[in-house]
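Working notes, structure below.
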Amino acid sequence: MLKLGTILDFVFPLSCVLCSETGASVCDSCLEVLPRARLGCLRCGRKNPYGLYCPKCRGRFTPDRVLACYKFEGASRELIHSFKYEDITALASPVVIQMAKLVRGDEDYKNFVLVPIPLSRKRRAFRGYNQAELLCRELSEMLGLKWVEILCRTKGRASQVQVGSKAERRRNVKNSFDVAAKLNLPKKVILVDDVITSGATVEEATKVLKRAGAEVVVCLAIALA
Ligand SMILES: [Zn+2]
Ligand SMILES: [Zn+2]
């Protein structure tokens, strides 16, 4: 049976958001030249290929690893902007293939559950979809992992993009998440967002999950600032 997506592709052929070449929402050659993320400790910025916090910066509630495909600059910034604000939901697939590769690098990945970073109810209603949830759906299909909405927002907050310094960003997200269903909290979580800028949001969400009983939290994003 023809899927709706296939029919829409036929009527409105996809074209690359970066170079306009038809065939895909973002073409392979554009993806290939995007600057790769340099993984490392989110606190002090020291790089390591595994996305680990260094022993000095690691705490009980910090993420175990922080993974991302691209560096958040230039073309990758443009790509994420289209994904986020121009409702180009088809963009997910080519990018999600790259994200899935990062997850498969961990041989224990089958024991993880995907959890999206939620948007506030107001922003969710305004945008019509949560980009992190969209990524989770596709990753779930690609990796054969469950995804669950466990986190919820506890208050409206200023957009992280509008908030200045790193310290301000941390204050801005403090206490902004809660765990919705404590009963079935998975022990191993892959926390999904589209972009990690200061890291304040994923750190706060990780803290909430770990306080509620999660043992391992790996953060995963398309891009890392
Ligand atoms: Zn292209
Ligand atoms: Zn560090």
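The values are calculated or read from the model by the stated rules, or taken from the named source; none is laboratory data. A quick note: this is a predicted structure, and the numbers were derived from the prediction, not measured. Methodologically, a virtual Cβ is constructed for each residue, glycine included, from the backbone with ideal geometry; neighbour enumeration extends over all protein chains shown.
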Among the residues of segment 157-180, the number that are more than 25 Å from ARG77 (Cα to Cα) and either of a type in the set (Val, Ile, Thr) or modelled with pLDDT under 70 (or both) is 1
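Can you confirm whether segment 53-61 contains a residue that is part of a loop (DSSP other than H, G, I, E, B), buried (at least 16 other Cβ atoms within 10 Å of the Cβ) and either of a type in the set (Gly, Ala, Ser) or modelled with pLDDT of 90 or more (or both)?
Yes: one or more hits.
One line per residue, one yes/no per condition, for (1) within 12 Å of ligand 2 (Cβ to nearest atom); (2) touching a Gly at 6+ places or on another chain (Cβ under 9 Å):
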| position | (1), (2) |
| --- | --- |
| LYS47 | yes, yes |
| LEU52 | yes, yes |
| LYS56 | yes, no |
| GLY59 | yes, no |
| THR62 | yes, no |
| ARG65 | no, yes |
| ALA92 | no, no |
| VAL96 | no, no |
| LYS101 | no, no |
Quick check, is TYR50 under 26 Å from LYS187 (Cβ atoms), modelled with pLDDT of 85 or more and under 17 Å from the mean Cα position of the chain (by Cα)?
-> yes
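Being closer than 21 Å to SER76 by Cβ and either surrounded by fewer than 22 Cβ atoms within 10 Å (Cβ to Cβ) or of a type in the set (Val, Ile, Thr) (or both) is the filter here, so list the residues in segment 105-118 that pass it. It would help to see each step written out before you state the result.
Of all residues in segment 105-118, those closer than 21 Å to SER76 by Cβ come to 105, 116-117.
Correct list: GLY105, ILE117.
Filter segment 32-45 for residues that are surrounded by fewer than 18 Cβ atoms within 10 Å (Cβ to Cβ) and in contact with a Phe, Trp or Tyr (Cβ under 9 Å, 6 or more places away or on another chain) and give the result.
Quick first cut of segment 32-45, residues surrounded by fewer than 18 Cβ atoms within 10 Å (Cβ to Cβ) only: 32-33, 35-36, 38, 43-45.
Passing the criteria: PRO35, ARG36, ARG43, CYS44.
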Going by the conditions given, is ALA100 modelled with pLDDT under 95, assigned to a helix (DSSP H, G or I) and of a type in the set (Gly, Ala, Ser)?
-> no
Segment 125-140 - residue that is outside any loop (DSSP other than H, G, I, E, B) and over 16 Å from the mean Cα position of the chain (by Cα) and, of those, modelled with the lowest pLDDT = ARG127
Has segment 36-48 got at least one residue that is within 18 Å of ILE196 (Cβ to Cβ), in contact (Cβ under 8 Å) with a residue 60 or more places away in the chain and among the polar types (S, T, N, Q)?
-> no
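Could you count how many residues in segment 175-225 are in a strand (DSSP E or B), in contact with a strand residue (DSSP E or B) (Cβ under 6 Å, 6 or more places away or on another chain) and not charged (D, E, K, R)? Talk me through it step by step, then tell me what you get.
First pass over segment 175-225, keeping only residues in a strand (DSSP E or B): 177-179, 188-196, 216-224.
If we keep only those that are in contact with a strand residue (DSSP E or B) (Cβ under 6 Å, 6 or more places away or on another chain) as well, we get 177-178, 188-196, 216-224.
Then keep just the ones that are not charged (D, E, K, R); that gives 177, 189-192, 195-196, 216-224.
Number satisfying all stated conditions: 16.
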Within segment 63-85, is even one residue part of a helix (DSSP H, G or I), out of contact with any Leu (no Cβ under 8 Å at 6 or more places or on another chain) and of a type in the set (Val, Ile, Thr)?
-> yes
Report, ordered by the first and then the second residue, all pairs with beta carbons closer than 7 Å, sequence separation of six or more or different chains, a first member in segment 165-180 that is of a type in the set (Asp, Glu), and a second member that is surrounded by 13 or more Cβ atoms within 10 Å (Cβ to Cβ) and assigned to a strand (DSSP E or B).
-> ASP178/CYS152
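So if I check each of ARG77, ARG65, ARG43, which one is modelled with pLDDT of 95 or more and of a type in the set (Lys, Arg)? Show your work before the answer.
Values: ARG77 fails: modelled with pLDDT of 95 or more; ARG43 fails: modelled with pLDDT of 95 or more.
None of the others qualify; the one that does is ARG65.
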